[in-house]
Amino acid sequence: MAGGFNIVNTLLFPAPDSSYDLDTFPEEELIWLPRTLDPDDPNVEANVPCLFLTSNSARFMMLYLHSNAEDLGRCYNFCNMLRMQFQVNVLAVEYPGYGICPGGQADEMSVIANARLAFRFATEADTVQVLEFPTEDIIVVGRSVGSGPALHIAAEARTYGVILICPFLSVREVVRCHLGRVADFIEERFPNKEKIKNISGFLLIVHGKKDTVVPWSHGQELYETCTRRKRLVSPEDMTHNASLLSDPAIFIVPVLQFFGLPDYNFEPLRIPRWVFDASLTPTLLRMDQKAVAPKRLGTTCNGRAPRSQSRLQEGSNDAAQGMSDSKPDRSTADAVQQ
């Protein structure tokens, strides 16, 4: 709900202190998207920050919608693991009020709007302003509250697949689990059980049985509701905020097997020249910096990875845990329906 203080929105999107600034990430990994996707739009104060991690000759792109306790800085290592382990491009979008993203208190509609903007940037056709990535090669990934915007996007467009990590049936049903009939008095948000009926791609759900924030039964019911090819992974000891990299069998192996990753496309990924233009950064943020990066005209990835691809954040363990060089067995049948 827009306008004024709303206790449900505040509890649903309790933005943590920003874990990053303009200089945190390697060069050419933090980008700003104009609301209109027009780099000449003068309203730079409304631009949305995203992480854009490219992978050499990758067929797929993962659109990552983070949990409500993360921002782009906190999920960087996980996104980098997605890129390195699965050899995919990764686009992670920030929520209003999170990190250095303008927009005030996040709510259902503003988060969906940011997710839609990132999806349009990746896939919108017939314009030189965006990536023109095939929607059929997009895998939407949503963690916890991120499962809401993820399913909203996947229900609107034909994507290759959806990965949901600790998802919920709806906000009202989560409240019902904890507060009983109080749920009847709140406005519904993110009706995931209805949205999942309309997805066109494959579905992978990872939900631990020791999740005390969103009960495992939510993931199970979403799985049962979906009519597409699907798989449910439900580790016995996994909690809501557990690391997905501590055991390859929890996340890495199921993703490799179920989606048949990695896969390749040797057509060059052409990135619009405006994407890395520092002048797209909101003015107030630039004024807060001691020095602003010079204006860059951007790049095209003609079969080569950007310089930043080989860089990991110093001290990162998550990006390395659980990685395997073995070829996945694509014949998996564990809880898979064709």
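Remarks
- Evaluating Glu187 against the criteria (1) outside any helix (DSSP H, G or I); (2) closer than 19 Å to Val141 by Cα leaves one unmet condition, (2).
- In region 184-223, the residues that are farther than 20 Å from Asn241 by Cα, among the β-branched types (Val, Ile, Thr) and surrounded by 23 or more Cβ atoms within 10 Å (Cβ to Cβ): Ile196, Ile199
- Residue within region 75-96 that is open to solvent by 10 Å² or more (accessible area, probe 1.4 Å), under 20 Å from Pro149 (Cβ atoms) and either small (Gly, Ala, Ser) or in a loop (DSSP other than H, G, I, E, B) (or both) present: no
- Note on region 43-59: among residues that are open to solvent by 20 Å² or more (accessible area, probe 1.4 Å) and within 22 Å of Ile153 (Cβ to Cβ), the one that is modelled with the lowest pLDDT is Ala46.
- Note on region 24-48: residues that are among the acidic types (Asp, Glu), out of contact with any Lys or Arg (no Cβ under 9 Å at 6 or more places or on another chain) and part of a loop (DSSP other than H, G, I, E, B) amount to 2.
- Residue in region 49-64 that is in a helix (DSSP H, G or I) and either more than 30 Å from Glu267 (Cα to Cα) or under 16 Å from the mean Cα position of the chain (by Cα) (or both) present: no
- Filter pass, Leu256 being touching a strand residue (DSSP E or B) at 6+ places or on another chain (Cβ under 9 Å), aliphatic (A, V, I, L, M) and either free of Cβ contacts under 8 Å to residues at least 40 places away in the same chain or not in a loop (DSSP other than H, G, I, E, B) (or both): no
- Answer residue from region 60-74, given it is touching a helix residue (DSSP H, G or I) at 6+ places or on another chain (Cβ under 6 Å) and surrounded by fewer than 24 Cβ atoms within 10 Å (Cβ to Cβ) and is farthest from Asp107 (Cα to Cα) among those: Ser67
- Restricting attention to region 129-170, the residues that are over 21 Å from Cys75 (Cβ atoms) and either outside any loop (DSSP other than H, G, I, E, B) or open to solvent by less than 10 Å² (accessible area, probe 1.4 Å) (or both) add up to 7.
The values are calculated or read from the model by the stated rules, or taken from the named source; none is laboratory data. Model, not experiment: these values are computed from the prediction. With ideal geometry, Cβ positions are generated from the backbone for all residues, glycine too; neighbour counts draw on all protein chains shown. To get the accessible areas, we keep the full protein, side chains included, count just its heavy atoms, and leave off ligands, DNA and RNA. Shrake-Rupley method; radii C 1.70, N 1.55, O 1.52, S 1.80 Å.
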